[in-house]
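Step one of this worksheet: look at the structure below.
The values are calculated or read from the model by the stated rules, or taken from the named source; none is laboratory data. These figures come from a predicted structure and were not determined experimentally. FYI the Cβ positions are ideal-geometry reconstructions off the backbone, even for glycines, and counts take in every protein chain you see. Surface accessibility is based on the protein's heavy atoms, side chains included, excluding ligands, DNA and RNA. Shrake-Rupley method; radii C 1.70, N 1.55, O 1.52, S 1.80 Å.
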Amino acid sequence: MLGLTKRDAGLLVIVAILCLFAPFLLNPFPEGSAMAQFNAGYPDLMQRLVIFGIFAIGFNILFGLTGYLSFGHAAFLGVGSYAAIWMMKLLTMNIIPAIFISVLVAGLFSLLVGWISLRRSGIYFSILTLAFAQMSYALAYSVLTPITGGETGLQPKFSDPRILDAIPADGRTPQANLFGLEMKSTSEWAVGDWVFTFNVGYYVAALIMLVVFYLSIRIFRSPFGMMLRAVKSNQQRMNYTGLNSKPYTLAAFVISGMYAGLAGGLLVAMDTQVGAERMFWTASGEVVLMTILGGAGTLIGPVLGAGFIKYMENIVSKINKSVLEQWFAFLPDGIEDLLITLVYPFVGKGWHLTLGLLFMLVVIFLPGGLVEGGQRIGKLFRRKKADPKSPDGKTTPAE
């Protein structure tokens, strides 16, 4: 199917099913219940899950296949965002031109950065990419303020030219749309105590993620992907055979940058507000965590890692002391206070501590990330299957 093996096609179908039914899967608890705190089926978070999944998929093409660790990929996310917002301000609020220009500009910028940074490898490459990202952040924050808006950022205004859009009769600023269908359009479906939200912007972003996920599978299984694996395995030996690895690593860097630019453009399409903070070094570190946590070099791992981190950032960070008091209210006062004291440092503003501990555990015990964890669980079930040649399920030595 679509040039994929049966296994890869099955993986693509699983991802498609997860995206389609996300409003149900992410809302397992009824509204008003104590566990409703953990529901994540609202539009803003669902959009971020798939958009940062795209970001991580692109980063994995560079890091997972070639082993080149970039600490500056947030620069391409930010550049794509600024390109998209200017397209919306000058041309149209239709997201198609904005997404196209975000990918193009991010690709050109990554070509420049990659051409310089890939002259070095290892930690020197990583530091070079970090330097470019921080320079980009500084330029956006304080130097190129007429273009970037500086500290306050940019957003569409009623007075913007938008030469392809008609002037709204009601005087309000137009919303990001897909040929008139607004990205913020939302409908709700109440089933008993459950409320499921369906958002246009989420499904547009999810469809694009499925397309780029399919492209990443084709890259992984292509001869080009095999060359990138050879670079990761032993670049020096590859050079000794007469093969020049530079064009391959540069191509992987540019493709990865274009994925980041696409994610930046989609962020603008879903929330038309752009700031320089998207280019800060912490955003680059976040995508590294997503990829390693999910499983670097795997197909679905970066998507899982992105979803896990964004879930913690948006759900666990909202668990404050009052929520904990509601949870433990049935306990005696002394035990309640003790549990709140023990749990509170790991939630709310301390969610980074929980993430750090989980990341340490994954790196130590699951070097392959969440994907390796799933594979180990699958092996445990397969190991219990009986041998058809042995009625009691045990192997019998040959006589």
Response to the item:
Counting only residues 5 or more apart in sequence or on a different chain, those whose built amide H sits under 5 Å from that of N177 are N94, I95, M183
Worksheet, complete the sentence: For segment 240-245, Karplus-derived ³J(HN,Hα) couplings (6.51, -1.76, 1.60; θ = phi - 60°; whole Hz; x for glycine and proline) come out as 5, 6, x, 8, 8, 7
Response to the item:
HN-Hα couplings for segment 274-282 via Karplus (6.51, -1.76, 1.60; θ = phi - 60°), in whole Hz with x for Gly/Pro, come out as 10, x, 5, 4, 5, 9, 6, 5, 5
Fill in: Mean Cβ count within 10 Å, highest first, over the residues of peptides 173-180, 3-10
173-180, 3-10
Worksheet, complete the sentence: For R237 and L181, extending 7 Å from Cα along the Cα-Cβ vector and measuring point to point gives, in nm, a value of 5.1
Practice prompt. Leaving ligands, DNA and RNA out of it, work out the accessible area of L90 with a 1.4 Å probe and give it in Å² to the nearest 10.
Written response: 90
Worksheet item: Measuring from centroid to centroid over Cα atoms, what is the spacing of segment 42-75 and segment 118-184 in Å?
Response: 18
Practice prompt. Taking H placed 1.01 Å from N in the peptide plane, check which residues at least 5 places from W194 or on another chain put their amide H under 5 Å from its amide H.
Written response: E31
Discussion item. For S185, what accessible surface area do you get with a 1.4 Å probe? Give it in Å², rounded to 10.
Written reply: 40
Worksheet item: How much FRET efficiency would the formula 1/(1 + (r/R0)^6) give for L144 and L20, where r is the Cβ-Cβ distance and R0 is 41 Å, rounded to 0.05?
Response: 0.50
Worksheet item: So what are the ³J(HN,Hα) numbers for segment 359-374, from phi and the Karplus equation (6.51, -1.76, 1.60; θ = phi - 60°), rounded to whole Hz, Gly and Pro as x?
Response: 5, 4, 5, 5, 5, 6, 9, 10, x, x, x, 4, 5, 5, x, x
Response to the item:
SASA check, Y311, accessible area w/ 1.4 Å probe, all protein chains in place, rounded to nearest 10 Å², comes out at 70
